[in-house]
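Q: My questions all concern the structure below.
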Amino acid sequence: MFNLFQAEFKRIWKEFLRYPVDSISGILVTSFFFYGMFFGAHYIAGPNIQFGDRLDTILAGYVLWTLVVFILQGIAMELQVEAQTGTLEQIFLSPFGTLNVLLIRAMANLTLYLVLIVGILLLTMILTGRYLHFSPLALLPLITVLLGAYGISLMMAGLTLLFKRIQQLSGLIQFALLFLLALPIETWNGSLQGVRLVLPMTVGSGVLRDLIARDRGLDFSLLALAGLNGVVYFVLGVLLFLWAQRTAKRHAMLNGY
């Protein structure tokens, strides 16, 4: 497994170093998009507007949403590219197993995603003049969010195996996650407090915002709920992908492929 990770890691970084313009332009576009929203809010509300810590929480949620979008597009997009290039069968025939190959590849991709996210975060903080507070403890809620993100990514990958093209559904999911992750719904009252416990990644993102945007301590009870939420979605993603893989193989055999 380590050799597989090493090979995928080298491949991803060689591609990044060979085609850096695409990645750098992605950082600029994502950062200036957020700055455009920030500038628009300033213009509409007037020069005397005071955001307080609201801008910090929205900034943290927006950057977190960007990371989740990278992850969601990762596995499903990899399958589509492999199918277009005619190498998808090699992944299914790999002695490591299809799921293991995709997860190891996702872990290698995560190293690149984190570099891009750091660039986006630094640029958006410079543009807005708002700086977040970072702590090593922030890794704990981040891991719970990553578990949920990879679970949903595996679900989308399974749907890709069955339906080939799911771009419209992918866009709808990304839009929904922008609402769930970029907006601080943990501050809302009423029935949403209970609903958000079962929604993907919302508890973990709230704990992360408390740490880096509101400069609060780590709530271990909420962290435990976030961890349970992430594990459940990851397990569901694995189960759905394995079912979709068996179904796709069965259809291929029936159709004589």
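The values are calculated or read from the model by the stated rules, or taken from the named source; none is laboratory data. Everything numeric in this text was worked out from a predicted model, so none of it was measured. In this analysis, Cβ positions are derived from the backbone assuming ideal geometry, glycine residues included, and neighbour counts consider all displayed protein chains. Surface accessibility is based on the protein's heavy atoms, side chains included, excluding ligands, DNA and RNA. Shrake-Rupley method; radii C 1.70, N 1.55, O 1.52, S 1.80 Å.
Q: For residue 249, give me every one of the lysines with a C-alpha distance below 16 angstrom, ignoring sequence neighbours fewer than eight places off in its own chain.
A: Once the sequence-local lysines are set aside, what remains near residue 249 is 164.
Q: For the pair residue 81/residue 122, report the inter-label distance in nm, with labels modelled 7 Å from Cα in the Cβ direction.
A: Using points 7 Å along Cα→Cβ, the separation is 2.4 nm.
Q: Starting from 0.36 nm per residue, how many nanometres of slack lie between residue 178 and residue 162 once their C-alpha separation is accounted for?
A: 3.2 nm
Q: Still on this model: Just how much of residue 23 is accessible, in Å², when a 1.4 Å probe is used and the result is rounded to the nearest 10?
A: The accessible area comes out at roughly 20 Å².
Q: Once the Cα gyration tensor of region 93-138 is diagonalised, what are the square roots of 5 times its eigenvalues, in whole Å and ordered largest first, as equivalent ellipsoid semi-axes? Could you put the intermediate results ahead of the total?
A: On the way: eigenvalues 236, 29, 6 Å².
They are 34, 12, 5 Å, listed from largest to smallest.
Q: Need the full-extension length gain, residue 251 to residue 73, defined as separation in residues times 0.36 nm minus the C-alpha distance. One decimal, nm.
A: Extra length from residue 251 to residue 73 when fully extended: 61.6 nm.
Q: If you don't mind, another one. Working with all protein chains in place, sort 210, 219 by solvent-accessible area computed with a 1.4 Å probe, largest first.
A: Details: 210 25, 219 65 Å².
Result of the area sort, largest leading: 219, 210.
Q: Provide the gained length on full extension for the span residue 90 to residue 7, in nm with one decimal, where the gain is 0.36 nm per separating residue minus the Cα-Cα distance.
A: Details: separation 83, 0.36 × 83 = 29.88 nm, distance 1.54 nm.
Here the answer is 28.3 nm.
Q: Based only on Cα atoms, what Rg/Rh ratio does region 214-255 have, Rh being taken as Kirkwood's radius? Could the numbers behind the result be given before it?
A: Details: Rg = 18.3 Å, Rh = 13.0 Å.
Radius of gyration over Kirkwood radius for region 214-255 works out to 1.41.
Q: Also, I was wondering about something else. Provide the net charge surrounding residue 105, with neighbours chosen by a C-beta distance below 13 Å and charges set as Lys +1, Arg +1, Asp -1, Glu -1.
A: Details: positive: 10, 11; negative: 8, 15, 78, 82.
Value of the local net charge: -2.
Q: If you don't mind, another one. How much solvent-accessible surface does residue 82 expose, in Å² to the nearest 10, with a 1.4 Å probe and all protein chains in place?
A: Looks like 30 Å² after rounding.
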